[in-house]
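For reference, the structure discussed in these notes is given below.
The values are calculated or read from the model by the stated rules, or taken from the named source; none is laboratory data. The structure displayed is predicted, hence computed values, not measured ones. Cβ placement follows ideal geometry from the backbone for every residue including glycine, while neighbour counts extend to all protein chains displayed.
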């Protein structure tokens, strides 16, 4: 009897252990999928990857928002004084400056161009100077030049040289103290054959003594009369290729101005 009871106890123990194993196996089966050690590890890796990806996406969104706020608050980095040597209302050179202003508004946000009128300036006459003072129109003009970071000259070519109104403005600005000193500058011109290149060369010579620092490239000497049309009847620049060349000049002037300001030449 003792032996018989002992055998029955062993069978009961094996049965209970078998039931326990089945229960544990059942717990390991969820939705009909067996969660082996390999599968559990894969799930953990996948979860970590998803967490990292979500964290990266959130950080990217925050960085984009910071950049957007920075662009909104970003001040004008480069202020440009633009002068046209032609006083004609429908002048192509005034049209070049208008196009430059539009290009900055559209794609060079931290560069601002102000067109400076020069027709109100009297002809240079040192008798008009007082003790360190100038006629009101000259004072206002000189102040505009001083406040600018760089200068954009739109210079037509008359008799192989620059136009008299522009030379007069340059001379008034050069009176002590020299308003042009240590400023970056660029020249754009248009006309017939050569596109004003001889006027540009002469203007560069004038700038040497004034400590103006002209960009050397790219050159902008536009033949206004060679097809296809470059300007409309009101003097507005309408040629896409010419606009792209003008944009390259502005970008070069922008970069050179910042380098000159930072003393990195």
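Before moving on, here are some points about what is shown:
- Some residue of region 81-99 being more than 18 Å from residue 153 (Cβ to Cβ) and in a helix (DSSP H, G or I): no
- Within region 196-208, no residue that is at positive phi sits with its Cβ atom under 9 Å from a residue that is modelled with pLDDT under 95 and crowded, with 16+ Cβ neighbours inside 10 Å at 6+ positions apart or across chains.
- Residue in region 122-143 that is crowded, with 21+ Cβ neighbours inside 10 Å, farther than 17 Å from residue 211 by Cα and out of contact with any strand residue (DSSP E or B) (no Cβ under 7 Å at 6 or more places or on another chain) present: yes
- Number of positions in region 194-214 that are within 23 Å of residue 143 (Cα to Cα), touching a strand residue (DSSP E or B) at 6+ places or on another chain (Cβ under 9 Å) and in a loop (DSSP other than H, G, I, E, B): 1
- Per-region count, region 100-132, residues within 14 Å of the chain's Cα centre (by Cα) and free of Cβ contacts under 8 Å to residues at least 12 places away in the same chain: 3
- One residue from 217, 233, 183, 243 being farther than 26 Å from residue 160 by Cβ and within 20 Å of the chain's Cα centre (by Cα): 243
- Of all residues in region 159-193, those being part of a strand (DSSP E or B) and within 22 Å of residue 246 (Cβ to Cβ) number 9.
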